[in-house]
Amino acid sequence: MDLAFTPEELAFREEVRAFIAANLPSELSEKVRTGHHLEKEDLRSWHQTLAAKGWLAPNWPVEHGGIDWSPTQKYIFDEECAKAGAPPLSPFGLSMVAPVIFTFGSDEQKAYHLPKIYSGEHFWCQGYSEPGSGSDLASLRTKAERDGDDYIVNGHKVWTTHAHFADWIFCLVRTDPDAKQQEGISFLLIDMKSPGITVRPIITIDEGHSINEVFLDNVRVPRSNLIGEENKGWTYAKFLLGHERTGIANVADSKVRIEKLKEIARAELTDGSPLITDSAFSRKIADTEVDLTALEMTNLRTLADESEGRAPGPEASMLKIRGAELTQRIDELLVEAVGYYANPYELPEHGRNEPAVGPDYADGILAHHLYMRATTIYGGSNEIQKNIIAKMVLGL
Amino acid sequence: MDFSFSTEQTLLKDSVVRFVQDEYDFDARRKLVTSDDGFSRDNWAKFAELGWLSMPLPEDYGGLGGSPVETMILMEAFGAGLVAEPYMPTVILGAGLVEAAGSEAQKQEILPAVAGGEMMLAFGFAEPQSRFNLADITTTAEASNGGYVLNGKKSVVFGAPSADKIIVSARAGGGQRDADGVSLFMLDADAAGLARRDYRTVDGLRAADLTLDGVKAGPEAVLGDLGGALGVIENVTDRAIAALCAEAVGAMQVLHDTTNEYLKTRKQFGVPIGKFQVLQHRMVDMFIELEQSRSMTYMVTLKLDEGEAERKKAASGAKAQIGKAGKFVGAQSVQLHGGMGMTDELKVGHFYKRLMMIDTMFGNTDHHLKRFAALTQ
């Protein structure tokens, strides 16, 4: 057992650091640091910077543009990106649909989609949840009926992040209404420009816009856009959920935000002394940091298993549960730390309060906190993740 | 011991609850908080007409002489509607300070005008460095030509954008956090040298940061004892804490009812999600936090007129409970509503935001636990 990085890994870290310093525009990292909702161009510019360097897709097979990084290198890369305030890459194409395509897709699908995802020409969104199907995803009702060489798709998807600027959507659709729930579902790739698709924005409680509803009204989709076999979509969806579980712990970002918390707690005063010297507050920071350190180690153990070919199983749900909890706890402490200056309203679309009403570091704290309430809801709520561990890991 | 309302109190409750139900539904409130004022002057006139502005004010000055229980009833109903009119800054804080510390002339000038709905007030007590310490004041008041000159900053002054007069705390002597030297000045909102930066707050209210740059105040602007106003400030903010706790209980009750109903109607896996035990227990925890908060609100409301030590202990105990409970009930209401809870169009998130800001107001849970500990050790 050894926790230290090798000299090669240390050299890699320096290389990553230098590259980010030279290539990440400060306006972009500032937008990320202050918790703004990112526009398509923000996401695309960093995506293309990494693509040009060949550092975009460490989880892809090398023949499709992937890189053969060790888990430690991936960890180092993620950590440096978070530290520098690099925008998180849009995962829907790169980390979600691409692995499904290169694992289960046809040669035509691979040849058409993977280069466009890699180049940043196509952005994707995910058509899973429906108004009546959230935690109970398998009850979804969007249906795809065969019509010659096409499917006709009708339904209503919701919570669709980035649908307002995505070029394609991958959808779970019902192709056999008579089969058992999970067995009648197919995985379909749909061009967002198809006639019959309407996107309606959903404004979230932070008053920002990233998520949407997507209505599909007699949308004609070529059968060649089906992934794998008809009615096997649930298998591909489960594969997708099992892919890249380690990023879900959000450790790198949480480490950055806990440092920001300490920086604010050093600047804020209480009875004339820095807030960080207040025993009640410093204890809360320490308690959170200890939990975060434990999560980081758990995450590293999972990475190490992965590098030895043991893909993380259902126990990886703990990374999502604890990662989301810590994300929210740190944000709650950030809100507490800024005191009355959590109050001034910030409107992301209009450049917020310019200049900030209170100290600059208070800008965006509350908006970020509000949006991060979603982390215990999306991608399988914490309650569902706990059910998974209880059933699949503990056998209860 | 008696926790029941009198006939008059029940009538008051019915009338304010009806107002919120009939004229302050969620859509109406959304329009108000994005309007220029952020509230309705028509509603304010109605509050005057219904006697709500005069409710806690003394009878000698156009008031109805209501007890803290009447204020609690009003504020709880306001909380259930997320009422945005500046009742707290004007009636509870502003008029409260004038009643507690004002001269006869000041009371005559201010209180009947507040009761009639003709005057709005605000109270600036926080500063960028003060956090929740009411005595941590760097704004200075220097004697000059028989009056005073004020210089400094006041942070996040609720109601200031619409106020006709703004009361500020300033230091006429003593060190930065000394009790001695704390003074109150009542300034015209358009006084020369008083600059305001107005903004909306996260919960849809209006506030301003104030810069005082050589603001001249005559001797008639001093409220209470020059250099000896801290006791009055603490008394009035403790009363405001009791009112704020009642508002929070009203808000939590709405979240409790809305979420409980959602658990009964939202179906997943073929059953209402309220059939899942983990969600049942969460809902029970929310219910208990709400009832504990209501209990603490009754307690502080009934102890406001006891001795200073009892009052402070009650206020800090209640505020610590309310801050903790409000954040828990708010966050879990969002969680149990799933994606819907994250949407701006559902009222749940708006109540959560108000409860978060209530935790900060007049000191958060940590601050009041510390104050409670100091008073009970």
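The values are calculated or read from the model by the stated rules, or taken from the named source; none is laboratory data. On a predicted model such as this, the values are computed, not experimentally measured, just so you know. For neighbour counting, all protein chains shown are included, and Cβ atoms are generated from backbone atoms with ideal geometry for every residue, glycine included. Quick note on the areas: whole protein, heavy atoms, side chains included, nothing else; ligands and nucleic acids left out. Shrake-Rupley method; radii C 1.70, N 1.55, O 1.52, S 1.80 Å.
Every listed requirement among (1) away from chain B (no Cβ under 14 Å); (2) out of contact with any Phe, Trp or Tyr (no Cβ under 9 Å at 6 or more places or on another chain); (3) assigned to a helix (DSSP H, G or I) is met by A:L303 save one, (2). The residues of the stretch B:322-339 that are touching a residue at least 24 places away in the same chain (Cβ under 8 Å), within 10 Å of chain A (Cβ to nearest Cβ) and among the aliphatic types (A, V, I, L, M) amount to a single one, B:L336. Would you confirm, using the coordinates I've provided, whether B:L32 is over 19 Å from B:A189 (Cα atoms) and either without any contact (Cβ under 8 Å) to a residue 40 or more places away in the chain or touching an Asp or Glu at 6+ places or on another chain (Cβ under 9 Å) (or both)? Spelling it out, B:L32 is indeed over 19 Å from B:A189 (Cα atoms) and either without any contact (Cβ under 8 Å) to a residue 40 or more places away in the chain or touching an Asp or Glu at 6+ places or on another chain (Cβ under 9 Å) (or both).
For the stretch B:94-112, residues that are open to solvent by less than 50 Å² (accessible area, probe 1.4 Å) and under 18 Å from B:I241 (Cα atoms) total 5. If you go through the stretch A:269-285 and keep only what is open to solvent by less than 50 Å² (accessible area, probe 1.4 Å) and assigned to a helix (DSSP H, G or I), you end up with A:L275, A:I276, A:A280, A:F281, A:S282, A:I285. Only one of the numbered conditions (1) open to solvent by less than 20 Å² (accessible area, probe 1.4 Å); (2) farther than 20 Å from A:L241 by Cβ; (3) within 14 Å of chain B (Cβ to nearest Cβ); (4) in contact (Cβ under 8 Å) with a residue 40 or more places away in the chain is violated by A:V335, and that is (4). Listed conditions (1) touching a residue at least 24 places away in the same chain (Cβ under 8 Å); (2) open to solvent by 40 Å² or more (accessible area, probe 1.4 Å); (3) part of a helix (DSSP H, G or I) are all met by A:L28, apart from (2). A search for C-beta distances below 7 Å between a residue of the stretch A:275-293 that is in the same structural domain as A:A265 (by TED's automatic domain parsing) and any residue that is among the small types (G, A, S) and open to solvent by less than 50 Å² (accessible area, probe 1.4 Å), counting only pairs 6+ apart in sequence or on different chains, returns A:L275/A:A265; A:L275/A:A337; A:I276/A:A265; A:I276/A:S282; A:F281/A:A265; A:I285/A:A265; A:L292/A:S254. Considering the stretch B:340-362 alone, what residues qualify as being at the interface with chain A (Cβ under 10 Å from one of its Cβ atoms), under 16 Å from B:A251 (Cα atoms) and in a helix (DSSP H, G or I)? B:G341, B:V348, B:G349, B:H350, B:Y352, B:K353, B:M356, B:M357, B:D359, B:T360 - these are the residues of the stretch B:340-362 that are at the interface with chain A (Cβ under 10 Å from one of its Cβ atoms), under 16 Å from B:A251 (Cα atoms) and in a helix (DSSP H, G or I). Once the stretch A:195-220 is narrowed to residues that are open to solvent by less than 20 Å² (accessible area, probe 1.4 Å) and over 21 Å from the mean Cα position of the chain (by Cα), the residue that is nearest to the other protein chains (Cβ to nearest Cβ) is A:L216.
In this structure, does A:R266 turn out to be of a type in the set (K, R), in contact (Cβ under 8 Å) with a residue 12 or more places away in the chain, open to solvent by 60 Å² or more (accessible area, probe 1.4 Å) and touching a strand residue (DSSP E or B) at 6+ places or on another chain (Cβ under 9 Å)? So A:R266 fails the test.
Cβ separations smaller than 6 Å between residues 6+ apart or across chains give the following pairs from the stretch B:256-280 residues that are at the interface with chain A (Cβ under 8 Å from one of its Cβ atoms) to residues that are surrounded by 12 or more Cβ atoms within 10 Å (Cβ to Cβ) and hydroxyl-bearing (S, T, Y): B:Q268/A:S135.
In this structure, A:T298 does not satisfy being assigned to a helix (DSSP H, G or I), touching a strand residue (DSSP E or B) at 6+ places or on another chain (Cβ under 9 Å), away from chain B (no Cβ under 14 Å) and farther than 29 Å from B:H367 by Cα. Scanning the stretch B:198-242 for residues that are polar (S, T, N, Q), touching a helix residue (DSSP H, G or I) at 6+ places or on another chain (Cβ under 9 Å) and within 14 Å of another protein chain (Cβ to nearest Cβ) yields B:T201, B:T237.
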